[in-house]
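All remarks here apply to the structure that follows.
The values are calculated or read from the model by the stated rules, or taken from the named source; none is laboratory data. Computed from a predicted structure; not experimentally measured. Don't worry about glycine lacking a Cβ; one is built from the backbone with ideal geometry, like all the others, and counts go over all protein chains shown. Calculation scope for accessible area: heavy atoms of the full protein, side chains included, ligands and nucleic acids excluded. Shrake-Rupley method; radii C 1.70, N 1.55, O 1.52, S 1.80 Å.
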Amino acid sequence: MTQAPPQLSRREQILQALALMLEEDSGKRITTAALARQVGVSEAALYRHFPSKARMFEGLIEFIEDSLFERIRRILDDEPSALARCETIVQLVLVFAEKNPGLSRLMDGDVLTGETARLRTRMSQLFERLETQLKQILREAELREGLRPQLPVSAAANLLSSFVEGRISQYVRSDFRHRPTAHWEDQWRLLGGGLLTTTHQTTPI
């Protein structure tokens, strides 16, 4: 006999419904009354699991953080090459946003307009953390592989992070028509091809 999939907790159901509403009601402000109807419970029941709508958004942001950085840890364990690490991490974030349109609105920040500054700061910190991780990979490339970025490390990491944010923003603005992974192979050929160069060392006389 096949096992039935584990039943979602009420908390998970609420977050799943919120992510779906962010996808289906693009451009509309999400109210707790509408969310309660989507879940099939009263607003009072929502507040038993989350004290505010801000905490619901925070729950989704935590899911994004955990999903992305757990996979990034695996990439760092499995992939020794700095260039391949950068490629796989950038592609990971783009694919994640594409497969989760509702969450991509959170990543873009458009749905957080009018919400608490804490939420906008936390979402911003996720991309800062991503950029810091890319910096670390690029710094280690010289020690591990004798490679260095053709730009200063901070500028190179910022270029990759800005590319990710720009593709996600375009995806959201187009109402999910322009996929973040469109043209990926061609674009990475240009980005990756000019990212790292061999460290020049003088030969002792």
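Annotation: lysines with alpha-carbon distance below 28 angstrom to residue 135 (same-chain offsets under eight excluded): 99. Dividing the summed -39500 (n - 2.57) terms of all DSSP H runs of n ≥ 4 by the residue count of the chain sets its mean residue ellipticity at 222 nm at -23000 deg cm²/dmol.
Expressed in Å, the radius of gyration and Dmax of the Cα atoms of region 53-198 are 15.5, 50. I'd like the distance separating the alpha-carbon centroids of region 42-90 and region 100-175, in whole Å. Centre-to-centre (Cα) distance: 13 Å.
With a 1.4 Å probe rolled over the protein heavy atoms of all chains, the accessible area of 28, 99, 135 falls in the order 99, 28, 135, largest first. If you roll a 1.4 Å probe over region 53-198 with all protein chains in place, what percent of the accessible area is carbon or sulfur? Taking all protein chains in place, region 53-198 shows 47 percent carbon and sulfur surface.
If R0 is 41 Å, what FRET efficiency do you get for residue 186 and residue 32 from their C-beta distance, rounded to 0.05? Using R0 = 41 Å, I get an efficiency of 0.40. For residue 196, the residues whose modelled amide H falls within less than 5 Å of its own, excluding neighbours fewer than 5 places apart on the same chain, are 150.
In the full protein context, region 53-198 carries 48 Å² of accessible surface per residue, based on a 1.4 Å probe and ignoring ligands, DNA and RNA. For region 18-61, the square roots of the Cα gyration tensor eigenvalues, ordered a ≥ b ≥ c, give a/c of at least 1.5 with a/b no greater than b/c, which places it in the oblate category. Shape analysis of region 11-95 yields a ratio of the Cα radius of gyration to the Kirkwood radius, Rg/Rh, of 1.15. Taken over the Cα atoms of region 117-205, the convex hull encloses 108 Å³ per residue.
For the pair residue 110 and residue 16 in one chain, pulling the backbone fully straight at 0.36 nm per residue adds 32.0 nm over the alpha carbon distance. Principal axis analysis of the Cα atoms in region 70-112 yields extents of 37, 17, 16 Å, listed in decreasing size.
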